[in-house]
Amino acid sequence: MQNTMTISFNALGENEAFSRVAVASFAAKLNPTVDDLAELKTAVSEAVTNAIIHGYDSNPAGIVYISATIEDGEIDVIVRDEGRGIGNIEEAKEPLFTTKPEMERAGMGFTIMEHFTDLLEVESSTSSGTVVRFKKRLAGKRVNCV
C-alpha cells in the first residue's frame with residue numbers, strides 16, 4: 001500500500017532539523033536500521049539546506065516543500081524550492097563546488113545525497129527553482145550473517 005505525506009515551511013535554518021525528524025518519523029513504519037535512518041536524515045538535511053541557503057539566499061520568506069511516498073519498502077522524497085535555481089547542475093554536483101565560499105560551504109551536498117541514497121535526480125530552472133528527488137530502500141534488505 002502506498003502512503004504519502006507533504007509538508008512545507010519557511011526557509012529558516014532552524015526548520016532543517018524539523019524536516020529531518022518529519023521525514024524520519026514518516027519512514028519509521030518501514031523499520032529501517034539506525035544507519036539507514038541516519039543516511040536518510042542526512043540526505044534530507046543536505047537537500048533542505050541547499051534550498052534555504054542556495055535557492056533562497058537564506059531569505060525566510062521562501063517556502064521549502066517536501067513530499068515523501070512510501071511504497072514496497074522504499075521511500076521516495078522530493079524537496080522543492082521556488083528560488084533562484086541552479087545554472088549548471090553537473091557543475092553543482094561536482095565535489096567541493098560551492099557558490100557560497102564566503103559561508104565556508106563544503107560543496108559536498110549532492111555528493112553526500114548520492115552516496116546515501118539509491119537514486120538521486122535534480123531538476124532546476126533559474127526561473128522556477130529546484131527539485132531534488134531521491135529514493136532509498138529501507139525495508140526488505142538482506143543482511144549477510146557470518
Work out, step by step, the length gained on full extension between residue 12 and residue 57: first 0.36 nm times the residue separation, then minus their alpha carbon distance; give nm to one decimal.
15.2 nm
Please give the length that would be gained between residue 24 and residue 121 if that part of the chain were fully extended, namely 0.36 nm times their separation in residues minus their C-alpha to C-alpha distance (nm, one decimal).
32.9 nm
Can you give the net charge of the other residues whose Cβ lies under 13 Å from the Cβ of residue 11, counting K and R as +1 and D and E as -1?
-3
To the nearest Å², the heavy-atom accessible area per residue of the chain with 1.4 Å probe amounts to 55
Among 88, 59, 50, the residue with the largest mean-square fluctuation in a Gaussian network model of the chain built from Cα contacts under 10 Å is 88
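Given a Förster radius of 25 Å and the C-beta distance between residue 65 and residue 89 as r, what FRET efficiency does 1/(1 + (r/R0)^6) yield to the nearest 0.05?
0.85
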For the stretch 23-30, in residue order, the Karplus 3J(HN,Hα) values (coefficients 6.51, -1.76, 1.60; θ = phi - 60°; whole Hz; Gly and Pro = x) are 5, 4, 5, 5, 6, 4, 5, 7
Just how many % of Cα pairs in the stretch 3-137 lie over 17 Å apart, if you round to the nearest whole percent?
55
Could you go through the stretch 7-18 in sequence order and give the Karplus-derived ³J(HN,Hα) for each residue, using 6.51 cos²θ - 1.76 cosθ + 1.60 with θ = phi - 60°, rounded to whole Hz, and x for Gly and Pro?
9, 9, 7, 5, 6, 10, x, 5, 7, 4, 4, 4
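The values are calculated or read from the model by the stated rules, or taken from the named source; none is laboratory data. Predicted model, so just to flag it, every value in this text is computed and none were measured. Note that each Cβ is placed from the backbone with ideal geometry, even for glycine, and that neighbours are counted across all protein chains shown. These area figures cover heavy atoms from the full protein model, side chains too; ligands, DNA and RNA do not enter into them. Shrake-Rupley method; radii C 1.70, N 1.55, O 1.52, S 1.80 Å.
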